[in-house]
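Just below is one structure, and these are the notes that go with it.
The values are calculated or read from the model by the stated rules, or taken from the named source; none is laboratory data. This one's a predicted model, so the numbers in the text were calculated from it and none came from an experiment.
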Amino acid sequence: GANLTLTGKNIKVVGDDPSVGITLTDGEGTETRIKAGAIGLNQPSKLIFLVPASLAAGDYTLTITTQFGGNSNSLLKTPHALTQTVHVAAAEEEGGGSPGGV
C-alpha cells in the first residue's frame, strides 16, 4: 500500500465512540476500516495513513469519523464524519523496459 496524506481542519481521529476511525468504501458498499496502527500522523490539520495494498484500484468514499472538536482538552459528545471521494491507483509493476536495456 501507499501513504495517503490529508489536510483539513479538525480531522484528528480521536474519541471512544465505536464509529471513530477512517474507512474507505468502494462503489459496491464494501467498507475497509483503516487500522489505528496504519495511521502514521494524526494531527488536527493533517493525517497520513497507509492504504491497504489489498484494495483494488478504483474510486472510494473516504470517511473520517472523529470526536475531535478543535480543543485537545474536550471531545465532542457526538462524533462527526467528513467524507471525500478518492481514487486508489493500481500498484506500479516492478521493473519495466526491455532486458539488457535494449
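Name the one entry in LEU50, LEU4 that is among the aliphatic types (A, V, I, L, M) and modelled with pLDDT of 95 or more. Lay out the reasoning, then the answer.
Values: LEU4 fails: modelled with pLDDT of 95 or more.
Going through LEU50, LEU4 in turn, just one is among the aliphatic types (A, V, I, L, M) and modelled with pLDDT of 95 or more: LEU50.
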Collect the residues in segment 33-64 that are more than 15 Å from ASN3 (Cα to Cα), among the hydroxyl-bearing types (Ser, Thr, Tyr) and more than 11 Å from the chain's Cα centre (by Cα), keeping them in residue-number order. SER45
